[in-house]
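For reference, the structure discussed in these notes is given below.
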Ligand SMILES: Nc1ncnc2c1ncn2[C@@H]1O[C@H](COP(=O)(O)OP(=O)(O)O)[C@@H](O)[C@H]1O
Ligand SMILES: [Mg+2]
């Protein structure tokens with residue numbers, strides 16, 4: 001197995017941005033969110049099981065998951081989230097493992113937004129990297145990115161581990177409290193350390 005760094009952090013902290021900078025430097029980035037999205041996109045490999053479990057009304061005309069409809073169901077019906085995750089998680093894990101094994105890069109950044117909350121993937125990881133910023137920055141960035149209302153962002157944040165606990169569980173903390181060039185430089189420093197550790 002290659003050297004794998006688990007990258008996590010609260011919503012809006014900058015996981016995707018940091019992963020992009022790692023990828024530019026030559027790390028293999030395996031993003032479990034992107035894999036999940038592909039599995040539930042048009043013709044995605046989870047769609048047959050989802051249609052069987054939830055009914056064809058959850059499949060759009062193009063063959064993708066009707067995300068808005070599923071979000072409402074998950075919000076309204078107890079157990080729906082667990083049923084969906086029971087379909088998706090094994091597929092996401094298998095695809096992540098395949099990409100990790102197939103990678104020829106010096107090391108892998110595995111992006112798992114709820115890494116610390118769910119406890120999955122830990123046995124694969126050499127290190128846990130937490131991207132961290134102020135909660136006010138999370139809210140501002142997510143609002144600018146998605147237009148979500150502040151109370152909705154707060155709801156998502158409260159479903160995630162509190163900031164202090166996340167940072168306490170980290171091997172490395174990537175502080176994303178300044179501009180993007182600062183983030184890029186900090187990613188560069190971690191990249192050098194991971195290259196050395198992976199050798
Ligand atoms: N240091 C920064 N300065 C300015 N904008 C940032 C910074 N870090 C992240 N962003 C922006 O904030 C938003 C959230 O970052 P993102 O990487 O998508 O967070 P996450 O993947 O953790 O939810 C994105 O639009 C991103 O481009
Ligand atoms: Mg992201």
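Just so you know, all these numbers are worked out from the coordinates, no wet-lab data involved. The shown structure was predicted, so the numbers you read here are calculated from the model rather than taken from an experiment. Here the Cβ is made from the backbone with ideal geometry for all residues, glycine too, and neighbour counts use every protein chain on show.
Order by neighbour count: 126, 146, fewest other Cβ atoms within 10 Å first, most last. Write down the numbers at each step before the final one.
Values: 126 16, 146 12.
Ordered by Cβ neighbours within 10 Å, fewest first: 146, 126.
Taking N as the number of residues in region 152-199, what is its alpha-carbon radius of gyration divided by 2.2 N^0.38 Å?
Compared with the compact-globule rule of thumb, region 152-199 sits at 1.48.
Sort 17, 81 so the one with the fewest other Cβ atoms within 10 Å of its own Cβ comes first.
Listing 17, 81 from fewest to most nearby Cβ atoms yields 81, 17.
Which order do 103, 72, 36 fall in if you start with the one that has the fewest other Cβ atoms within 10 Å? Mind showing how you got there, number by number?
Working: 103 16, 72 12, 36 20.
In increasing order of surrounding Cβ atoms, one gets 72, 103, 36.
With a point put 7 Å past each Cα toward its Cβ, work out how far residue 98 is from residue 149 in nm, to one decimal.
The answer from the label model is 4.1 nm.
Taking only Cα atoms, what is the 0 to 90° angle, nearest 10, from helix 15-24's long axis to the longest principal axis of the chain?
In the chain, helix 15-24 runs at an angle near 60 degrees to the longest axis.
With an 8 Å Cα cut-off and a minimum separation of 6 or more residues, compute the relative contact order for the chain in percent. Before the final figure, lay out each step's value.
Working: 271 pairs, mean separation 73.6, N = 199.
Rounded, it is 37 percent for the chain.
Looking only at Cα atoms, what is the convex hull volume of region 88-128 per residue, in Å³?
Cα convex hull per residue, to the nearest whole number: 73 Å³.
Could you state the angle between the C-alpha long axis of helix 180-198 and the longest principal axis of the C-alpha atoms of the chain, as a value from 0 to 90 degrees rounded to the nearest 10?
Taking Cα atoms only, the helix is inclined about 80 degrees.
Based on the alpha-carbon gyration tensor of region 73-199 and its eigenvalue square roots a ≥ b ≥ c, which shape applies: rounded if a/c is under 1.5, prolate if not and a/b is larger than b/c, or oblate?
Oblate is the answer for region 73-199, as a/c is 1.5 or above yet b/c matches or exceeds a/b.
Assuming R0 = 25 Å, can you tell me the calculated FRET efficiency for the pair residue 178 and residue 23, based on Cβ-Cβ distance, to the nearest 0.05? Display every interim value, and only then the final one.
Values: r = 21 Å, r/R0 = 0.83.
Computed FRET efficiency for residue 178 and residue 23: 0.75.
Hey, what does the equivalent ellipsoid look like for region 1-137, semi-axes from the Cα gyration tensor as sqrt of 5 times each eigenvalue, largest first, whole Å?
Equivalent ellipsoid semi-axes, largest first: 28, 18, 14 Å.
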